[in-house]
1. Scan the range 100-140 residue by residue and report those that are among the small types (G, A, S) and more than 21 Å from the chain's Cα centre (by Cα).
2. Residue under question is G31, and the condition is that it be under 18 Å from the mean Cα position of the chain (by Cα) and in contact (Cβ under 8 Å) with a residue 40 or more places away in the chain; does it hold?
3. Hand me the list of helices (runs of 4 or more DSSP H) wholly inside the range 28-121 holding 1 or more residues that are surrounded by 19 or more Cβ atoms within 10 Å (Cβ to Cβ) and in contact with a strand residue (DSSP E or B) (Cβ under 9 Å, 6 or more places away or on another chain).
4. Given the conditions (1) β-branched (V, I, T); (2) surrounded by 19 or more Cβ atoms within 10 Å (Cβ to Cβ); (3) within 21 Å of L4 (Cα to Cα); (4) at pLDDT 90 or above, and given that I211 satisfies all but one, which numbered condition is not satisfied?
5. If you scan the range 180-214, which residues turn out to be over 21 Å from L49 (Cα atoms) and within 14 Å of the chain's Cα centre (by Cα)?
6. Which pairs turn up if I take residues in the range 8-23 that are farther than 25 Å from M210 by Cα and look for partners that are part of a strand (DSSP E or B) and of a type outside the set (D, E, K, R) with beta carbon separation below 8 Å, at least 6 apart in sequence or on another chain?
7. Are any residues in the range 124-146 under 16 Å from E157 (Cβ atoms), touching a Ser or Thr at 6+ places or on another chain (Cβ under 9 Å) and not β-branched (V, I, T), and if so, which ones?
8. Since L21 meets every condition but one in (1) closer than 21 Å to A181 by Cβ; (2) buried (at least 21 other Cβ atoms within 10 Å of the Cβ), which condition does it not meet?
Amino acid sequence: MLRLDAISKTYRKNGTLIQALAPTSLSVEQGEFVAVQGASGSGKTTLLLIAGGLLHPDVGTVHILNTDLYSLNSNQRSQFRSLQIGFVFQQYHLIPYLSVLENILAPTLAHSSSKQMDRAVNLVNQFGLEHRKHHRPGELSAGEKQRTALARALLFEPKLLLADEITGNLDDANAKIVIDALQLFSVNGGAVLLVTHDVNVAKHANRLIMIKNA
């Protein structure tokens, strides 16, 4: 599903080269839930951004569903990413003036489909957000915001889900809801790559990868 071959990323700051991600290779198969851990500054988030087509690596290749992601032009890559990859971040990135239901439907601005309203309503119900579907993010708890963000990521039924510290702001009950959803996604044939510092969360993955400092 996902294959990273010797990807790396270096930045230049004040004339000094800083290696954000040392050369890294990994693969995630269909139906697999993989967790990534490592010290702060080891490049975990950089890895996710490169894997998701949001940050071009200096060297190396990224293949998703046998497509060379960075051989596509920016428009092609954006289209591919929006349909095949779901992203969930610790900070939610919800649109503050839209309701829960509207936030879940936000990806349809790029890809309109008549069936997506039914899909969005089903996700609202799946994540226990029925009583909040017309509320805006400012009226939600942290757990409700994260469940909304996860529902949005799943709207187009992507093949790959990338998640960055998505339980960091959650209590145990909400963390369990989120992790259960990731496990269900992988059991149903999706692939999950999760960055987490929480060893209890990582235990739910099929495989754990440790990244050393760059």
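1. Answer for the range 100-140, where residues must be among the small types (G, A, S) and more than 21 Å from the chain's Cα centre (by Cα): S112, S113, S114, G138.
2. yes
3. Answer list for the range 28-121: 44-51, 74-84.
4. (4) is the only condition that I211 fails.
5. Once the filter is applied, which keeps residues that are over 21 Å from L49 (Cα atoms) and within 14 Å of the chain's Cα centre (by Cα), the range 180-214 yields A181, Q183.
6. Sorted first by the residue in the range 8-23, then by its partner, the pairs are R12/I18.
7. F127
8. (1)
The values are calculated or read from the model by the stated rules, or taken from the named source; none is laboratory data. What you see is a predicted model, and the numbers here were worked out from it, not measured in a lab. Glycine also receives a Cβ, built like all others from the backbone with ideal geometry; neighbour counts cover every protein chain displayed.
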